[in-house]
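Computed from the coordinates by the stated procedures, all read-outs in this text should not be read as laboratory data. Please read all numbers here as calculations on a predicted model, not as lab measurements. Note: ideal-geometry Cβ built from the backbone for every residue, glycine included; neighbour counts use all protein chains shown.
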Amino acid sequence: MAPYTQTFKLNTGASIPAVGLGTWQASQPGEAASAVKTALQAGYRHIDGAWIYGNEPEVGQGLKESGVPREDVFVTTKLWCTKHDDPEKALDESLHNLGLEYVDLYLMHWPLPMNPNGNDHKFPRNEDGSRDIVGVYEEGKELPFIATWKRMEKLLDTGKVKAIGVSNVSVPWMKALLKEAKVVPAANQIELHPYLPQHDLVEFCHSNGIICTAYSPLGSTGSPLLSDADIKRIAEKHNTGPGNVCIAYQVHRGVSVLPKSVTEGRIKSNFEDVSLDEEDMKTLNGLCKERAKRYVKPDWGSQCLNLGFEDWDKY
Ligand SMILES: NC(=O)c1ccc[n+]([C@@H]2O[C@H](COP(=O)([O-])OP(=O)(O)OC[C@H]3O[C@@H](n4cnc5c(N)ncnc54)[C@H](OP(=O)(O)O)[C@@H]3O)[C@@H](O)[C@H]2O)c1
């Protein structure tokens with residue numbers, strides 16, 4: 001099978017590779033560096049990272065050791081919630097960690113600023129145990145993340161980012177952002193897989209020139225997606241694996257996708273293109289009707305994610 005070569009156009013005019021490598025939970029010493037190097041040597045040209053993953057130095061190491069020229073790789077990293085006050089300072093720290101002069105895409109990781117002076121510099125909590133979120137949403141007031149976005153817009157003048165975007169932004173919050181934004185986000189990185197296709201959100205973003213990127217496309221660690229009978233049947237039909245079907249599903253709907261693996265064989269096999277047909281897409285598009293499931297559910301998530309479902313706890 002051929003490797004993926006497809007790209008999608010961002011609203012900046014730049015291209016984002018359809019398939020990239022995720023690096024969340026590549027946390028054992030040496031894992032992220034080795035995964036990034038393996039991926040780039042196998043043909044991947046998009047690496048997705050984040051400050052909060054704690055492995056940016058290894059991502060940078062893998063980039064260097066791969067021998068692939070910097071300008072040929074699309075590098076994404078993300079602004080963490082406790083750093084919304086000063087995105088440029090946070091970006092500088094990420095660039096230092098990565099050993100890079102610029103990133104291709106800088107995303108606001110979650111549209112929820114957390115207390116930068118709280119009881120933890122990553123995941124602060126209030127005394128009652130609740131999440132220490134700054135400026136919780138109040139009816140009739142501007143959503144606090146919009147001020148963060150306005151600060152991020154200024155990063156485009158620094159040359160340290162080629163594009164800016166968001167992550168985990170729902171339709172209502174995206175509408176609120178678009179009303180105020182000077183710069184339309186280039187991307188919205190969200191959880192997407194056959195059990196959570198978020199058709200409305202993808203359609204809304206794409207119709208506004210915002211590329212959607214799929215995180216947890218395999219359903220994250222230990223996912224039942226890979227043993228789903230329908231997904232397995234489609235995989236057998238194309239002589240490939242269920243993971244490949246989940247990855248191809250996103251590419252076929254115009255969504256860039258970020259499978260994570262630290263296993264050499266999987267990194268390579270996940271990058272094999274699969275040509276799904278209309279019937280496969282119809283089946284995959286419909287699986288959520290009975291099997292809807294969200295895998296990434298941090299305790300602050302229900303505040304900002306409108307999944308199109310009534311009941312957050314059910315999913
Ligand atoms: N913006 C956000 O808020 C956000 C949230 C979550 C994730 N992300 C990004 O999206 C990336 C992907 O999401 P994810 O890490 O949650 O999950 P994922 O890519 O859906 O799944 C990763 C898991 O699947 C395993 N795996 C990979 N390929 C496989 C295959 N072919 N067959 C069987 N198992 C396979 C991996 O194991 P091994 O590694 O052991 O091979 C790992 O346990 C992240 O790494 C991160 O970059 C962003």
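Of VAL274, VAL255, ALA229, which is farthest on the positive side of the dipole of region 216-290, counting Cα position, with +1 on Lys and Arg Cβ, -1 on Asp and Glu Cβ, and the Cα centre as origin?
Most positive-ward Cα: VAL255.
For region 71-215, what percent of Cα pairs sit more than 23 Å apart?
Details: 3940 of 10440 pairs.
For region 71-215, the share of Cα pairs beyond 23 Å comes to 38 percent.
What does the convex hull of the alpha-carbon atoms of region 178-253 project to on average, in nm²? Let's see the in-between values first.
Details: hull surface 22.3 nm².
Convex hull of Cα atoms, orientation-averaged projection: 5.6 nm².
ASN117 to GLN303: extension gain in nm, 0.36 nm per residue of separation minus the Cα-Cα distance? Intermediate results must be reported in sequence, preceding the final value.
On the way: separation 186, 0.36 × 186 = 66.96 nm, distance 2.12 nm.
So the extension gain works out to 64.8 nm.
For LYS297, which aspartates and glutamates qualify as cross-link partners when the Cα separation must be under 12 Å and same-chain residues fewer than eight apart are set aside?
Reachable aspartates and glutamates: GLU191, ASP313.
List, in order, the whole-Hz ³J(HN,Hα) value for each residue of region 25-39 obtained from phi through the Karplus relation with A = 6.51, B = -1.76, C = 1.60 and θ = phi - 60°; use x for Gly and Pro.
So the J values, rounded to whole Hz, are 6, 8, 10, 6, x, x, 5, 5, 4, 5, 5, 5, 4, 4, 4.
Given a cut-off of 24 Å, name the pairs among LYS89/LYS179; LYS122/LYS162; LYS64/LYS162; LYS122/LYS179; LYS160/LYS268 whose C-alpha atoms lie farther apart than that in the structure shown. Numbers along the way, then the final one.
On the way: LYS89/LYS179 27 Å; LYS122/LYS162 26 Å; LYS64/LYS162 20 Å; LYS122/LYS179 30 Å; LYS160/LYS268 31 Å.
Listed pairs above 24 Å: LYS89/LYS179; LYS122/LYS162; LYS122/LYS179; LYS160/LYS268.
Size of the dipole of the chain about the Cα centre, Lys and Arg at +1 and Asp and Glu at -1 on the beta carbon, nothing else charged, in debye to 20?
Numbers: 34 positive and 42 negative charges, 63 e Å.
With only Lys, Arg, Asp and Glu charged at Cβ, the dipole is about 300 debye.
Tabulate in residue order the Karplus-calculated ³J(HN,Hα) for region 234-246, using 6.51 cos²θ - 1.76 cosθ + 1.60 with θ = phi - 60°, rounded to whole Hz; enter x for Gly and Pro.
These are the phi-based 3J(HN,Hα) values: 5, 4, 4, 4, 9, 6, 9, x, x, x, 4, 5, 5 Hz.
Using the 10 angstrom Cβ neighbour count as an exposure proxy, how do HIS206, HIS252, HIS199 rank, fewest first? Intermediate results must be reported in sequence, preceding the final value.
Values: HIS206 16, HIS252 19, HIS199 12.
With the sparsest Cβ surroundings first, the list reads HIS199, HIS206, HIS252.
Go ahead and estimate [θ] at 222 nm for the chain from helices alone: -39,500 (n - 2.57) per DSSP H run with n ≥ 4, summed, over the residue count, rounded to 500.
Details: 11 runs with 103 residues, N = 315.
Helix contribution divided over all residues of the chain: -9500 deg cm²/dmol.
Can you run phi through the Karplus equation (6.51, -1.76, 1.60; θ = phi - 60°) for region 121-126 and list ³J(HN,Hα) in whole Hz, with x for Gly and Pro?
Per-residue couplings from phi come out as 7, 10, 10, x, 10, 6 Hz.
May I ask for the distance between the Cα centers of region 94-164 and region 13-44, given as a whole number of Å?
With region 94-164 and region 13-44 each reduced to a Cα centre, they are spaced 23 Å.
Convex hull over the alpha-carbon atoms of the chain: what's its volume per residue in Å³? Can you show the working numbers first?
Numbers: hull volume 41.6 nm³, N = 315.
Taking the convex hull of the Cα positions in the chain, it is 132 Å³ per residue.
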